[in-house]
Amino acid sequence: MATKRLESWVVSDVFWARVEPLVPARVPVARKQYLRKPGAGRPPKPARQVFEAIVYVLRTGCQWKALPKERFGSASAVHKRFLEWERAGFFEALWKAGLAEYDEMAGIAWRWQSIDGAMFKAPLAQEAVGPNPTDRGKKRGSKRHLLVDGRGVPLSIVVTAANVNDGKRIEQVLSAIVVKRKSPPLRRSKHLCADAGYRSAEVSRIIDSHGYIAHVVDRRKEADTKRRQPGKTARRWVVEVCHSWFNRFRKLLVRYEKLERSFVALNHLAAAIIAFRKVPLSINIIYG
């Protein structure tokens with residue numbers, strides 16, 4: 001009999017075994033006296049229940065206050081722990097752990113990297129938000145800038161306002177890679193693919209200063225090449241695929257998070273899940 005496939009928001013035991021060692025311990029507030037009467041108050045939520053609630057929000061896109069109470073309890077308590085974990089750097093640490101396991105099992109495809117940005121609506125955002133140039137500048141939006149390896153696994157994430165040009169943030173994106181690579185023996189072992197939005201003398205200088213060989217091709221030329229050679233796929237397209245993977249997390253499809261740090265933390269968790277999904281194991285530890 002075939003094993004029933006878990007829903008995309010369910011945290012499997014195998015996945016939790018990788019998450020649990022990274023969960024931050026709760027630190028008492030300095031100089032604060034904790035007075036608790038016998039039998040009063042509720043014990044802290046189990047860390048696994050909190051993590052499962054956060055994954056549920058990320059996957060389904062529901063409001064924090066719409067979390068099923070019978071399953072996760074108080075939504076405000078879950079959101080409070082989410083903010084505590086964000087301050088402790090938990091979600092970025094989980095992303096790094098996913099990349100480390102992916103690198104150990106498959107090897108990060110460093111040679112051909114790709115970079116691009118993608119815009120999305122951000123109607124409630126208060127930080128890192130601006131007019132969306134693709135929507136006549138009328139609506140508020142944000143942009144996610146990604147750097148990915150040759151298989152589309154995210155190595156760097158930066159969130160800005162939607163009206164920030166891709167080339168203006170390339171230095172920040174290239175400097176924000178969360179894992180370090182040993183210097184390749186040859187310069188030609190490090191290529192960076194980008195579209196025409198990164199075509200300028202200043203951007204070329206930045207790419208060169210980071211040791212990359214730039215491959216900047218506009219979309220029309222890529223389409224013409226594909227039409228002439230149907231079997232050829234542009235290397236840069238893996239970053240567009242990665243953006244589509246992020247969009248499968250419904251909480252990221254439209255940004256409703258007001259604070260930049262909250263939205264970035266959710267992106268880090270999505271990046272961790274993407275990285276763990278690329279680990280070649282006999283079982284799939286992440287579903288959906």
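For Ile207, Ile213, give me the order by solvent-accessible area with a 1.4 Å probe, most accessible first, ignoring ligands, DNA and RNA. Walk me through the numbers on the way to the answer.
On the way: Ile207 5, Ile213 45 Å².
Sorted descending by solvent-accessible area, the residues read Ile213, Ile207.
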If you take the beta carbon distance between Ala25 and Ser76 as r and set R0 to 25 Å, what does 1/(1 + (r/R0)^6) give as a FRET efficiency, to the nearest 0.05? 0.75
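Could you sort 115-121, 266-272 so that the peptide with the highest average Cβ count within 10 Å comes first and the rest follow in order?
266-272, 115-121
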Karplus ³J(HN,Hα) for segment 147-155 (6.51 cos²θ - 1.76 cosθ + 1.60, θ = phi - 60°; Hz, whole; x = Gly/Pro) runs 10, 10, 7, x, 9, x, 7, x, 10
How much accessible area does Ser12 have with a 1.4 Å probe, in Å² rounded to the nearest 10? 10 Å²
Compute the signed sum of charges (Lys and Arg +1, Asp and Glu -1) over the other residues within less than 13 Å, Cβ to Cβ, of Val148. +3
Got a sec? Which residues in segment 43-85 would a label at Arg250 touch, if it sits 7 Å along Cα→Cβ and we count backbone N under 16 Å? 53-69
Shape call for segment 42-171, from the Cα gyration tensor axes a ≥ b ≥ c (a/c under 1.5 means rounded, otherwise prolate when a/b beats b/c, else oblate), comes out oblate
Two-site FRET efficiency, Val179 against Lys69, from Cβ-Cβ distance with R₀ of 51 Å, rounded to 0.05: 0.85
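Kindly sort Thr134, Thr60 by accessible area of their heavy atoms, largest first, with the probe set to 1.4 Å.
Working: Thr134 105, Thr60 40 Å².
Most to least solvent-accessible, the answer reads Thr134, Thr60.
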How far, in nm, would the chain grow between Glu127 and Arg111 when pulled straight, counting 0.36 nm per residue and subtracting the alpha carbon separation? 2.3 nm
On a 20 Å Cα-Cα criterion, which of the cross-link pairs Lys80/Lys278; Lys65/Lys251; Lys45/Lys65 come out too long? Lys80/Lys278
Tell me, what HN-Hα J-couplings in whole Hz come from the Karplus equation 6.51 cos²θ - 1.76 cosθ + 1.60 at θ = phi - 60° for each residue of segment 173-181, using x for Gly and Pro? 5, 5, 8, 9, 4, 7, 10, 9, 10
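The values are calculated or read from the model by the stated rules, or taken from the named source; none is laboratory data. Bear in mind that the values here come from a model prediction, so they are computed numbers and not experimental data. Heads up, the Cβs are rebuilt from the backbone with ideal geometry, glycines too, and the neighbour counts pull from every protein chain shown. Side chains included, ligands, DNA and RNA excluded: accessible areas come from the protein's heavy atoms. Shrake-Rupley method; radii C 1.70, N 1.55, O 1.52, S 1.80 Å.
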